[in-house]
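The values are calculated or read from the model by the stated rules, or taken from the named source; none is laboratory data. Predicted model, so just to flag it, every value in this text is computed and none were measured. We place every Cβ from the backbone using ideal geometry, glycine too, and count neighbours over all the protein chains shown.
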Amino acid sequence: MTATPQSTIREIVATDYRTAAVFARYGLDFCCHGCRTIEQGCRDARADVTAVHSSASAEKRSVARRDQGAVECAELVVFVSLTHERTVYFTS
């Protein structure tokens with residue numbers, strides 16, 4: 001999927017999980033508020049839209065150079081557990 005201005009943050013992360021780290025770095029919530037577009041998320045998080053797009057593209061290029069077979073499901077589970085679920089636990 002190619003991201004369009006109408007694509008939601010949730011759709012982008014679901015299509016390419018590598019973007020989750022970029023969105024988290026800029027304070028864009030891709031879970032509970034994932035129904036927003038990148039532009040809406042950046043406005044709410046006071047993040048630079050251009051910087052977010054550039055970082056996401058750079059992340060995709062850097063990870064694409066690595067062996068895709070090395071990315072395991074367990075790695076994704078650990079990422080979600082350590083970053084998002086901990087936030088939900090402490091804010092609930």
(request) Give the residues of the range 23-37 that are surrounded by 15 or more Cβ atoms within 10 Å (Cβ to Cβ) and under 10 Å from the mean Cα position of the chain (by Cα), sorted by residue number. (result) F23, A24, Y26, L28, D29, F30, C31, G34
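Each row is one residue, and each column tells you yes or no for (1) of a type in the set (D, E, K, R); (2) free of Cβ contacts under 8 Å to residues at least 12 places away in the same chain; (3) in a loop (DSSP other than H, G, I, E, B); (4) more than 21 Å from V80 (Cα to Cα).
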| position | (1), (2), (3), (4) |
| --- | --- |
| V13 | no, no, no, no |
| A24 | no, no, no, no |
| G27 | no, no, yes, no |
| C35 | no, no, yes, no |
| Q40 | no, yes, no, yes |
| V52 | no, no, no, no |
| A56 | no, no, no, no |
(request) Those residues that are surrounded by 12 or more Cβ atoms within 10 Å (Cβ to Cβ) and modelled with pLDDT under 80, I need them from the range 1-16; list them, please. (result) A3
(message) Kindly evaluate G41 against the criterion of being touching a Leu at 6+ places or on another chain (Cβ under 6 Å) and either modelled with pLDDT of 85 or more or loosely packed, with under 15 Cβ neighbours inside 10 Å (or both).
(response) yes
